[in-house]
Amino acid sequence: MTAVVAGLASTGLVLLAVLGDLDTAGQAASVVGGVVSLAALLVSIIALFHTGGNGRPAVGRRVRAGHRGIAVGGNITGSALGTNSKVTGPPTTPGPTRPAPRNADDVRARRDGIAAGGDITDSALGEGSER
């Protein structure tokens, strides 16, 4: 839609420059440029204040871990997380899982902590743990 409008406006300005005089074409181009600039400003302001449904700006999920912490933005399945942790036995067969939620909530693991933004299934969590 935007490309069609821009194409028609460009064609109209070129025809005005060719068929009319350059002064009129210059004034029309100035007006069109001003209108487009205001529309772009409006769109950028709307995008700046758009929220992700929780009252905060929708900037995406931030995943952060403190010193020796483990943070995962999605689901964890069949993994060993932590110092000296290990997976023993057969690999986990994938089962019906729901996707990790995709909202703007942060995932943060503090010092020596483990955090996931989704489900933790069939995993060894913590120092020296086994699955």
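The values are calculated or read from the model by the stated rules, or taken from the named source; none is laboratory data. On a predicted model such as this, the values are computed, not experimentally measured, just so you know. Using ideal geometry, Cβ is built from the backbone for each residue, glycine included, and neighbour counts are taken over all protein chains shown. What goes into the accessible areas is simple: the full protein's heavy atoms, side chains included, and nothing from ligands, DNA or RNA. Shrake-Rupley method; radii C 1.70, N 1.55, O 1.52, S 1.80 Å.
In the stretch 1-21, how many are exposed (fewer than 10 other Cβ atoms within 10 Å of the Cβ) and assigned to a helix (DSSP H, G or I)?
5
If I go through the stretch 66-108 residue by residue, how many of them are at pLDDT below 75 and open to solvent by 70 Å² or more (accessible area, probe 1.4 Å)?
Final tally of qualifying residues: 8.
Considering only residues that are over 20 Å from ASN84 (Cβ atoms) and not in a strand (DSSP E or B), look in the stretch 116-130 and name the one that is farthest from the chain's Cα centre (by Cα).
Ranking the qualifying residues of the stretch 116-130, first place goes to ASP119.
When residues of the stretch 26-63 are filtered for being in contact with a helix residue (DSSP H, G or I) (Cβ under 8 Å, 6 or more places away or on another chain) and at pLDDT 80 or above, how many remain?
3
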